[in-house]
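The values are calculated or read from the model by the stated rules, or taken from the named source; none is laboratory data. Please read all numbers here as calculations on a predicted model, not as lab measurements. Note: ideal-geometry Cβ built from the backbone for every residue, glycine included; neighbour counts use all protein chains shown. For accessibility, only protein heavy atoms count, side chains too; no ligands or nucleic acids. Shrake-Rupley method; radii C 1.70, N 1.55, O 1.52, S 1.80 Å.
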Amino acid sequence: MSKRPLRILVIKLGAFGDFFLAQTAFAAIRRHHAGDRVTLLTLPSLAPLARMSGLFDEVLEDPRDRSLSAYLAIRKTLRAHRFDRVYDLQAQTRTDLYHRLLFPGPWPEWSGTASGASHPDRYEGRRKVPVRERYVRQLAPFGIVPDETPDLSWLDADISGFGLPERFALLVPGSSPGRPDKRWPVRRYAEVAAALAERGIVPAVIGTGIERDLARSIAEYCPQAVDLTDRTSVPELGGLARRAWGAVGNDTGPTHLIAAVGCPTVVVFSDASNPIHSTGPRVLIHHRPDFNDIDSAGVVEALDRAREKGGA
């Protein structure tokens, strides 16, 4: 008699950059559970990407509403699916609560930081561990081993409509609105843009509409720069990253996506954020305690070294 496929739940709510940093874990779980039904619980904004990836049989959406009715809805969903095992890759207070919401049971096997989890993943300094290493440690008890770098071959799009030349580079001078302290000064990005233009490489600035002023400042200093802010979908950003000469960006979601796709990327960090979270085959972390200690020449040199990784 054949064995029933397991019902597996992966929890990863966000944010945007974290979703791409988790790709190696997603793929490893999918491989390990090739004959099982794998479901992802994520944010509504990330659900279309999760479905596009082809790694999950089902994608559930969690708006992270804090109302009682929202928590009861999550409880109803979790109990109705009767999961056999849960990999809580979010592992925060909210998702720890989801374990308790299953009272009075039965409980599935649970990997995460929740009290009472069958496979607890709690240890001192957990949040300071590089993200891939964190997933390696969490998944090791199940014999699941994430790859060194993610496979984002599914994330691509036609970029011909942007009219870019063959040699272009991506600049990501923004960050989430609540974290302006993660931004390397825009004048430095303008200097990088000018240095690239001198080599015949067109700098293209990407970001959301709120970063248009940053793109304008860069273009004023470097007229060759192209403003793509608020013009790119996520698949198009993947397509740009796949074909770009290189990229420079802050510790923000689009930069981590670009690096994960495989574009030679320099991620600029100060002590405003933890310089351990970025993944990709050709990514370099350029960190100094203070942004004032990071000059544009050093970043351009780092970009050259990133391009040497993988034999570009």
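Just checking, how many residues over region 54-85 are in contact with an Asp or Glu (Cβ under 7 Å, 6 or more places away or on another chain) and either outside the structural domain of residue 136 (by the TED database) or buried (at least 18 other Cβ atoms within 10 Å of the Cβ) (or both)? Break it down stepwise before answering.
Taking region 54-85 as the starting set, the residues that turn out to be in contact with an Asp or Glu (Cβ under 7 Å, 6 or more places away or on another chain) are 74, 84-85.
Next, only the ones that are either outside the structural domain of residue 136 (by the TED database) or buried (at least 18 other Cβ atoms within 10 Å of the Cβ) (or both) stay: 74, 85.
Total meeting the criteria: 2.
Given the conditions (1) in contact with a strand residue (DSSP E or B) (Cβ under 8 Å, 6 or more places away or on another chain); (2) at pLDDT below 90, and given that residue 120 satisfies all but one, which numbered condition is not satisfied?
Of (1) in contact with a strand residue (DSSP E or B) (Cβ under 8 Å, 6 or more places away or on another chain); (2) at pLDDT below 90, only one is false for residue 120: (2).
Under the condition of being over 20 Å from residue 7 (Cα atoms) and not in a loop (DSSP other than H, G, I, E, B), which residue from region 109-129 is least open to solvent (accessible area, probe 1.4 Å)?
Taking the candidates together, the pick is 126.
Counting only residues that are at pLDDT 95 or above, give me the helices (runs of 4 or more DSSP H) lying completely in region 1-77 with at least 2 of them. Walk me through how you get there before you give the answer.
Values: elements: 16-21, 23-32, 47-53.
Here the list reads 23-32, 47-53.
Return the total of residues in region 130-166 being within 19 Å of residue 88 (Cβ to Cβ), assigned to a loop (DSSP other than H, G, I, E, B) and open to solvent by 70 Å² or more (accessible area, probe 1.4 Å).
1
Which residue is nearest to residue 145 (Cα to Cα), if the candidates are limited to region 86-98 and must be touching a residue at least 12 places away in the same chain (Cβ under 8 Å) and open to solvent by 10 Å² or more (accessible area, probe 1.4 Å)?
Across region 86-98, the extreme among qualifying residues is 90.
Kindly provide the set of residues from region 267-302 that are touching a residue at least 60 places away in the same chain (Cβ under 8 Å), surrounded by fewer than 19 Cβ atoms within 10 Å (Cβ to Cβ) and either assigned to a loop (DSSP other than H, G, I, E, B) or not assigned by the TED database to the domain that holds residue 174 (or both), ordered by number.
272, 273, 274, 276, 281, 295
Out of all the residues in region 64-72, is one or more among the hydrophobic types (A, V, I, L, M, F, W, C) and touching a residue at least 24 places away in the same chain (Cβ under 8 Å)?
No - not one qualifying residue is present in region 64-72.
Could you name every one of the helices (runs of 4 or more DSSP H) located completely within region 167-262 that has at least 3 residues being open to solvent by less than 50 Å² (accessible area, probe 1.4 Å) and without any contact (Cβ under 8 Å) to a residue 40 or more places away in the chain?
186-198
For region 34-56, enumerate the residues that are over 21 Å from the mean Cα position of the chain (by Cα) and closer than 30 Å to residue 233 by Cβ.
Result: 37, single match.
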